[in-house]
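Report on the following structure.
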């Protein structure tokens, strides 16, 4: 009997890649916001009761970090309350849940990469609402996996990679924050790692019992580290040396050549935004590696692949086994 998978947020950065890769594991029903609105509990209930999936992969979220400061109720509804409703419905039908969270559940004061057992202390509304979603799943009694990731980018949507290229085609000088560190993480790598983890679980006789044994939070980010300033410089260097630039690049720059001649590092204090960001967003992947044998590549390697590959083409990674501001994470 084929695994029935419900994927939310199919048009998001991670959701777009998951829609393709999850099909290697079962029958996927992928829904967008119009079909399943996480801000509306009845929409969540209707979708789950209609499909009765074995596995729910929630890649949808309220990700407008700065706007969340003025829309806390909506952010809480989507990122927090929705998970409680989703878990209630999953419990009724015996489904399991995979959910994505963020480095923003931490305050960024730790000097080394965060591990899953470190105390959370979000410093903005977005982080608080994502933590609420984590807590709803943890207390639900439903088998779950929460993947915390960070600094996610893709060659579509709204993210740091595309913002840098747009501004670099318009301005000779860019001023970028250089006192926040993290690991830029390609959306496709997150989707691929998710499916490699699930591949180990789905192969067992009971997906529910197998996932239940491994329920918990796992960090899932690229290896290595960078500041936003360092990330921006490497983006421009890789694009300048790429032998071929795909359609997404031409759309980001509107077909214009890059004008930027100088990239200037600045402290966070010089770049005022409504939501505070953690100074340290590094997450340790040691747990997902030890439990599932999943290792993620260095962020520079992934960035090079992202720049060279057409996201709408046939070069998707195969699933094993079978304002220049920090972007919304």
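In terms of the ratio Rg/(2.2 N^0.38 Å) built on C-alpha atoms, what value belongs to region 236-290?
In units of the 2.2 N^0.38 Å rule of thumb, it is 1.73.
Return 208, 272 ranked ascending by Cβ neighbour count within 10 Å, so the fewest neighbours appear first.
272, 208
Kirkwood Rh over Cα pairs of region 87-187 into Stokes-Einstein at 20 °C, 1.002 mPa s: D in µm²/s?
133
Just subtract the alpha-carbon distance of residue 34 and residue 269 from 0.36 nm times their residue separation and send over the number in nm, one decimal.
That pair, residue 34 and residue 269, stretches by 80.7 nm at full extension.
At a temperature of 37 °C and a viscosity of 0.692 mPa s, determine how fast region 30-92 diffuses translationally according to Stokes-Einstein, using the Kirkwood radius over alpha-carbon pairs as Rh; express D in µm²/s, rounded to the nearest whole number.
It comes out at roughly 271 µm²/s.
Let me know the volume per residue of the alpha-carbon convex hull for region 104-260, in Å³.
Normalising the Cα hull of region 104-260 by residue number yields 143 Å³.
Nearest-5 percent of antiparallel DSSP beta bridges in the chain?
Of all bridge pairs located within the chain, approximately 5 percent are antiparallel.
If the label point is 7 Å along Cα→Cβ of residue 109, which residues in region 273-292 have backbone nitrogen under 17 Å from it?
Label zone hits: 276-282.
Between region 3-51 and region 257-284, what is the C-alpha centre distance in whole Å?
33
Given a Förster radius of 51 Å and the C-beta distance between residue 251 and residue 92 as r, what FRET efficiency does 1/(1 + (r/R0)^6) yield to the nearest 0.05?
Result of the calculation: an efficiency of 0.70.
Would you mind ranking 195, 239 by Cβ crowding within 10 Å, fewest neighbours first?
Ranking 195, 239 by Cβ neighbours within 10 Å, fewest first, gives 239, 195.
In percent, how large is the relative contact order of region 98-152, given Cα pairs closer than 8 Å and 6 or more residues apart?
Computed over region 98-152, the figure is 54 percent.
Over region 86-200, what is the mean sequence separation of C-alpha contacts under 8 Å (at least six apart), divided by residue count, expressed as relative contact order in percent?
Relative contact order for region 86-200 comes out at 27 percent.
Using only Cα atoms, locate the centre of region 106-152 and the centre of region 167-199, then give the distance between them in Å, rounded to an integer.
After rounding, the separation between the Cα centres reads 19 Å.
How much mean residue ellipticity at 222 nm does the chain get from its helices, if each DSSP H run of length 4 or more adds -39500 (n - 2.57) and you divide by all residues, to the nearest 500 deg cm²/dmol?
Calculated from helices alone, the mean residue ellipticity at 222 nm is -11000 deg cm²/dmol.
Each reported figure results from applying straightforward, stated rules to the coordinates on display, with no laboratory input. Note that the coordinates shown come from a computational prediction; the quantities given were computed from them, not determined experimentally. Here Cβ is always computed from backbone atoms with ideal geometry, including for glycine, and neighbour counts include all displayed protein chains.
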